[in-house]
Structure formats: C-alpha cells, structure tokens
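**Student:** Could you have a look at this structure, given as structure tokens, before my questions?
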Amino acid sequence: MRRSTNDSSLIVSTNPKSPISEVYRLLRTKIPFSSKDMELKTIMVTSSQTGEGKSTTISNLAVTYAQEGKRVLLIDADLRKPSLHRIFSRLNYQGLSTLLAGQANTDEVIQETSVNQLSLLPSGPVPSNPSELMDSIAMRNLLDQMKEQYDVILMDTPSVLSVSDSVIVSALCDGIIMVVAAGKVKRERLKKAQEQLTHVNARMLGIVINRVV
Ligand SMILES: Nc1ncnc2c1ncn2[C@@H]1O[C@H](COP(=O)(O)OP(=O)(O)O)[C@@H](O)[C@H]1O
Ligand SMILES: [Mg+2]
C-alpha cells in the first residue's frame, strides 16, 4: 500500500498548483533530455555547503519528472546526512550503503513512494567508508543497471566543500544542478565548489538560487 506523505518539503506532490510548484516545473523544463553530444539520464544535485536546499530541490524535481510520466529513481547518495527517506516517509534500515556493501539486493532496497512512478533508493545506515562506497565498481554497475530500468535517475549528494563524495558521484553523472542559498554563500566558496566539479566530465546544467525571501 502506498502511504501518503505529510512532509511540507514535497510541495509539488502536496500542492501541485502552488506558485512554488510552478517554479520546480520551470526548473524541469530548463533541463534538456538529451543534447547532441550527451544523454542526460543521470542528474545529481549538490551545493557548496550544507542546508542550502539540495534534498528539497531534488525531491521536488523528482516528483515533477514522475508527474510528466517518466519512470524516476531518486537515490540518496548523501550517505553522511541522508534525508530523502524522511521527506518521503520511508524506512531507512536498508539502502544504498547496504546495497554497495553487498548486504542487500536492489529489490530489497528500492521502495515505492506515494508518488506514482517515483521509486526511492534511500541511503541506508551511515557507513564508515562513504567515499570508498561511492568510488566503487558496485556503484558504477548499479547506475548502469538502473539506467535500463528508469527514464531518469536523480541523486542527492553531500555538499562539495565538506567531503569528496559529490565530486566522485559527479564523474558518474551526466549533469549537475547546483543549489545556492541566496545571500548565505560567499562568492569565493561557490567558485571553489564549481572548480572542484569542473575537472570531471559532468555538465553543469544550472544553478538554482534557493531561499529567496
Ligand atoms: N526554498 C525554501 N524555502 C524555505 N525553506 C526551505 C527552502 N528550501 C529548503 N528549505 C528548508 O531548509 C532546510 C534545509 O534544506 P535541505 O533541502 O535539507 O538542504 P540540504 O539538503 O542542502 O542540506 C530544510 O528544513 C528545508 O525544508
Ligand atoms: Mg540534504
């Protein structure tokens, strides 16, 4: 049975007609499906520091894709401070960490959500070696396998300046969305975060200026 969610972070699902939901749909239209030279199937969100709105943004974007009829897999690759299971009111005993450690299989960890066509792979328990798990063959194989089953794969990651996980994940993704909390981030820190991401192949799809009041 599908449980509904009460979390106010998921506005596109709970209140699709609100102006904020419209902004998330606009964000979606700014992301092309593919370009001449690159398929855009795996997209991650990151930010320079924590609390800027990564998890909120990627969750609402995932709902938007699902509402369009796409089969969506949302992965919580923020293994250190996971939150997608809370946003979608799911359990987190098993997830990406146990899957990559070989302690579970995909059927056991991927969960349906209250949103039709939107599946969630939560983080699982916080592991002792998050960067190592992200940089593994198992992670690459997982994404290759999931690309065949879903139309789009969206990933939440930690902030760039705190740990190397998101830079590792960016090398596995087709595109990156950067969330910036308005007025909270110094220009140099944002520049440094962008520089760390530019040496990999991923394409910077855009910057979301969040929390504008
Ligand atoms: N645009 C926004 N307006 C108001 N609150 C927001 C907005 N975006 C995020 N938040 C809130 O800010 C907090 C941090 O957001 P979150 O998405 O968890 O950030 P991150 O994943 O980058 O750490 C959450 O409590 C979230 O509900
Ligand atoms: Mg988060």
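The values are calculated or read from the model by the stated rules, or taken from the named source; none is laboratory data. What you see is a predicted model, and the numbers here were worked out from it, not measured in a lab. Heads up, the Cβs are rebuilt from the backbone with ideal geometry, glycines too, and the neighbour counts pull from every protein chain shown.
**Student:** Let me confirm something: among V180, V152, V208, V126, which residue is of a type in the set (A, V, I, L, M, F, W, C), buried (at least 19 other Cβ atoms within 10 Å of the Cβ) and within 22 Å of D107 (Cα to Cα)?
**Tutor:** Values: V180 fails: within 22 Å of D107 (Cα to Cα); V208 fails: within 22 Å of D107 (Cα to Cα); V126 fails: buried (at least 19 other Cβ atoms within 10 Å of the Cβ).
Going through V180, V152, V208, V126 in turn, just one is of a type in the set (A, V, I, L, M, F, W, C), buried (at least 19 other Cβ atoms within 10 Å of the Cβ) and within 22 Å of D107 (Cα to Cα): V152.
**Student:** Enumerate the pairs (first residue in segment 62-84 and over 19 Å from S8 (Cβ atoms) and β-branched (V, I, T); second residue anywhere and within 11 Å of ligand 2 (Cβ to nearest atom) and not in a loop (DSSP other than H, G, I, E, B)) with beta-carbon separation below 8 Å, excluding pairs fewer than 6 apart on the same chain, so at least 6 apart or on different chains.
**Tutor:** Final answer for the pair search is I75/D156.
**Student:** Separate question: I75 - would you say it is within 14 Å of ligand 2 (Cβ to nearest atom), under 14 Å from the mean Cα position of the chain (by Cα) and not in a loop (DSSP other than H, G, I, E, B)? Can you show your working first?
**Tutor:** Working: within 14 Å of ligand 2 (Cβ to nearest atom): yes; under 14 Å from the mean Cα position of the chain (by Cα): yes; not in a loop (DSSP other than H, G, I, E, B): yes.
Yes; evaluated as a whole, the condition is true for this residue.
**Student:** Only one of D107, D76 is in contact with a Ser or Thr (Cβ under 8 Å, 6 or more places away or on another chain) and either surrounded by fewer than 18 Cβ atoms within 10 Å (Cβ to Cβ) or within 30 Å of Q196 (Cα to Cα) (or both); which?
**Tutor:** Only one candidate qualifies: D76.
**Student:** Give me the residue from segment 80-97 that is of a type in the set (A, V, I, L, M) and more than 13 Å from ligand 1 (Cβ to nearest atom) and, out of that set, surrounded by the most Cβ atoms within 10 Å (Cβ to Cβ).
**Tutor:** From segment 80-97, those of a type in the set (A, V, I, L, M) are 84, 87, 91, 96; that's our starting set.
From what's left, more than 13 Å from ligand 1 (Cβ to nearest atom): 91, 96.
On the way: L91: 9, L96: 29.
Selected residue: L96.
**Student:** Still on this model: So for segment 32-52 (the condition being within 10 Å of ligand 1 (Cβ to nearest atom), surrounded by fewer than 17 Cβ atoms within 10 Å (Cβ to Cβ) and part of a helix (DSSP H, G or I)), does at least one residue qualify?
**Tutor:** no
**Student:** A follow-up question, please. Only one residue in D135, D174, D151 is in contact with a Phe, Trp or Tyr (Cβ under 9 Å, 6 or more places away or on another chain) and either modelled with pLDDT of 85 or more or of a type in the set (A, V, I, L, M, F, W, C) (or both). Which one?
**Tutor:** Result: D151 is the single residue among D135, D174, D151 that is in contact with a Phe, Trp or Tyr (Cβ under 9 Å, 6 or more places away or on another chain) and either modelled with pLDDT of 85 or more or of a type in the set (A, V, I, L, M, F, W, C) (or both).
**Student:** Examine segment 56-71 for a residue that is more than 8 Å from ligand 1 (Cβ to nearest atom) and in a strand (DSSP E or B), and state whether such a residue exists.
**Tutor:** no
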